[in-house]
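Shown next, in structure tokens, is the structure this report addresses.
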């Protein structure tokens, strides 16, 4: 069964500093997608970044980048130049496709606090 | 354009009552998903609709939960005889097609069962 583990329930960072959020997953598939979603207090899930497993190059979106280690099944998120608006819950997710169905499997999340 | 909308935003009900939650996906999106998020937890998959195909109901936790979708439009999630453990945020998402690499989420419905 596919599982996603986020080992850091909470993290904090100083404004303008860099922080890395950890995620590991378990799968027997060879091609798949991984995602990081942000959930502010408004509850709205916002896609931060995605990575397709067959692409060796790490995805980057402005201040957000990932360190994707396929053999280690690790998918960490790095936030550079942290801003107050980055404070939120961050969820790592794996897209599971089976037959004609698909779903996202989520970790339990990391609460990120940004200190001014 | 308009995003995924859900109603009501918040719902308080008494144990044993039935509730119905609504999701309006982005127009033209054929795939629709329901997830449940308990306090302090990640999202748990409930059900997946794709076009006119039979839905994947494998995530529904009990037979008190059911969901419907008419064509490629609105979906309703019904919980019968609600229990306190049903208290959670229920999130709906849609995507343009099966296999598309992003799901677009609504703001969720917070359900509180007293």
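Structural remarks
- Looking only at region A:50-75, and only at residues there that are loosely packed, with under 13 Cβ neighbours inside 10 Å and part of a loop (DSSP other than H, G, I, E, B), the one that is modelled with the lowest pLDDT: A:56
- The set of residues from region A:4-33 being modelled with pLDDT under 95 and within 11 Å of chain B (Cβ to nearest Cβ) comprises A:32, A:33.
- Tally, over region A:90-110, of residues that are in contact (Cβ under 8 Å) with a residue 12 or more places away in the chain, facing chain B (nearest Cβ under 9 Å), surrounded by 15 or more Cβ atoms within 10 Å (Cβ to Cβ) and in a strand (DSSP E or B): 8
- Of the residues making up region B:9-29, just one is within 13 Å of another protein chain (Cβ to nearest Cβ) and either in contact with a strand residue (DSSP E or B) (Cβ under 6 Å, 6 or more places away or on another chain) or not in a loop (DSSP other than H, G, I, E, B) (or both), namely B:10.
- The sole residue among B:51, B:71 that is closer than 20 Å to residue A:95 by Cβ, touching a residue at least 12 places away in the same chain (Cβ under 8 Å) and exposed (fewer than 14 other Cβ atoms within 10 Å of the Cβ) is B:51.
The values are calculated or read from the model by the stated rules, or taken from the named source; none is laboratory data. Given the structure is predicted, the values throughout are model-derived calculations rather than measurements. A quick note on method: Cβ atoms are made from the backbone with ideal geometry, for glycine too, and the neighbour counts reach across all protein chains shown.
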